[in-house]
Amino acid sequence: MQRGHLDDLLAFVAVGRERSFTKAAAKLGVSQSALSHTIRGLEARLGVRLLTRTTRSVSPTEAGERLLQTLGPRFEEIEAELAAVRELRDKPAGTFRVTATENAADTILVPKLAPLLRQYPDIKVEIMIDYGLTDIVAERYDAGVRSGEQVAKDMIAVRIGPDLRMAVVGALPYFRKRPEPRTPQDLIGHNCINLRLPTRGGLYAWEFEKDGRELRVRVDGQLTFNGTAQMLNAALAGLGLAYVPESMVERDLAKGRLKRVLEDWCAPYSGYHLYYPSRRQPSAAFTLVVEALRYRT
């Protein structure tokens, strides 16, 4: 195969993944018109249309999807091998891309990775905050961080933190106007601060467990955020009840800025795990990051 033809296939994979000529062109560092010309030339040589174009979107045809599913993993394997070769230098280097929740980034990733990054200046870490169940393979992340129950069975999972608990909290002024909820069902009458999940656009249902009984309550309230830090700030301002990780509110509870309710309904659950595809070929930098994050009792 001629070198130019390989470049054309790489261009097609970029468009197919991004579902956009504009985004793919920016990623490849070429003009949109040049990229469009490249794809048309590839389709002409193959004698089949690979992409369906509209004024608002780009999507692969049946033939295009087949080619994308075939080429994508192979190019990723080549990129991984090239990265592994680069790691044979004197110092480990490379970029580690990971998706995690805000709390996991603040309490686990940043504190544990700080010493590693000071020791290895050529290692870079890109942390993307996301509360949805992101497909790390499709989005080309090296790894993701979620609680143990959320990790898919076909992934390698490494525990990076202790068991967790959630907490329902509100400011003292809030409780002066409303009675404390005694059961999860009592939340129906409260102004609760919701979390919007990006994956499906739905609202997160608050999860409770007591004496083997599990409940999921879809609460209602005036405020909805897509991050827990903003939910906590709203609760501190007396604007409603928040359902957040216990570690986020320990200091505010100790200082009396917040009051906790339904504590007996918030059971511990499996802590944060780093997960990544089993077929991934780890580089030296990847291995160092995993070992730095690994939970040790």
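Only the coordinates and a few stated rules stand behind these numbers; no lab work does. All of these numbers come straight from a predicted model, not from anything done at the bench. Note that we place each Cβ from the backbone using ideal geometry, even for glycine, and neighbour counts take in every protein chain shown.
Quick one: P(r) of region 166-265 from all Cα-Cα pairs, 10 Å bins, percents rounded to integers, in order of increasing distance.
16, 52, 29, 3
Between the alpha-carbon centers of region 106-184 and region 263-294, tell me the distance in whole angstrom.
Here the answer is 10 Å between Cα centres.
Output wanted: per-residue J couplings in Hz (rounded whole) for region 32-38, from phi through Karplus 6.51 cos²θ - 1.76 cosθ + 1.60, θ = phi - 60°, x for Gly and Pro.
So the Karplus estimates, Gly and Pro as x, are 5, 5, 5, 5, 4, 5, 4 Hz.
Which is farthest toward the positive dipole end of the chain among Ser147, Ile39, Leu10, measuring Cα position about the Cα centre, with Cβ charges +1 (Lys, Arg) and -1 (Asp, Glu)?
Ile39
Which one, Gly64, Leu82, Pro121, is farthest towards the positive end of the dipole of region 34-123 when Lys and Arg carry +1 and Asp and Glu -1 on their Cβ?
Comparing the listed Cα positions along the dipole, Gly64 ranks first.
Semi-axes of the equivalent ellipsoid for the chain, please: Cα gyration tensor eigenvalues, times 5, square-rooted, ordered largest first, whole Å.
44, 25, 16
Normalise the Debye intensity by I(0) for region 232-292, one equal point scatterer per Cα, no solvent, then take log10 at q = 0.21, 0.22 Å⁻¹ and round to two decimals.
Listed by q, the Debye log ratios stand at -0.86, -0.91.
Stokes-Einstein at 25 °C, 0.890 mPa s, Kirkwood radius from Cα pairs: D for region 3-86 in µm² s⁻¹?
After rounding, the answer is 187 µm²/s.
Calculate, for Leu46 and Ile156, the FRET efficiency according to 1/(1 + (r/R0)^6) with r their C-beta to C-beta distance and R0 35 Å; round to the nearest 0.05.
Given R0 = 35 Å and the Cβ-Cβ separation, E is 0.40.
Report the relative contact order of the chain, percent, no decimals, based on alpha-carbon pairs under 8 angstrom and at least 6 residues apart.
Answer for the chain is 22 percent.
Normalised by the number of residues in region 166-265, what is the relative contact order in percent for Cα pairs under 8 Å and 6+ residues apart?
The normalised contact order for region 166-265 reaches 45 percent.
With only Lys, Arg, Asp and Glu charged, each at its Cβ (+1 for the first two, -1 for the last two), find how big the charge dipole of region 166-265 is about the Cα centre; round to the nearest 20 debye.
So the dipole magnitude of region 166-265 works out to roughly 360 debye.
What pairs from Lys177/Lys210; Lys27/Lys153; Lys27/Lys91; Lys153/Lys210 go past 30 Å between their alpha carbons?
Among Lys177/Lys210; Lys27/Lys153; Lys27/Lys91; Lys153/Lys210, the Cα-Cα distance tops 30 Å for Lys27/Lys153.
Taking the alpha-carbon set of region 1-146, what are its Rg and Dmax in Å?
Cα-based Rg and Dmax for region 1-146 come out at 18.3, 54 Å.
So if I place +1 on the C-beta of Lys and Arg and -1 on the C-beta of Asp and Glu, and nothing else carries charge, what would the dipole magnitude of the chain be about its Cα centre? I want it in debye, nearest 20.
520 debye
Which one, Leu67, Leu236, Leu187, has the greatest fluctuation when you compute a Gaussian network model over the chain with C-alpha springs under 10 angstrom?
Leu67
From the phi angles alone, apply the Karplus equation (6.51, -1.76, 1.60; θ = phi - 60°) to region 107-121 and give each ³J(HN,Hα) in whole Hz, x where the residue is Gly or Pro.
9, 10, 5, 5, x, 6, 7, 4, x, 4, 5, 5, 7, 10, x
Once label points are set 7 Å from the Cα along Cα→Cβ at both Glu18 and Leu203, what is their separation, rounded to one decimal in nm?
Modelled inter-label distance: 3.7 nm.
Give the residue from Leu239, Thr297, Pro282 lying farthest towards the positive end of the charge dipole for the chain; charges sit on Cβ (+1 for Lys and Arg, -1 for Asp and Glu) and the dipole is referred to the Cα centre.
It is Leu239.
Using +1 on the beta carbon of Lys and Arg, -1 on that of Asp and Glu, and nothing else charged, what's the dipole of region 3-86 about the Cα centre, debye to 20?
Computed about the Cα centre, the dipole is about 320 debye.
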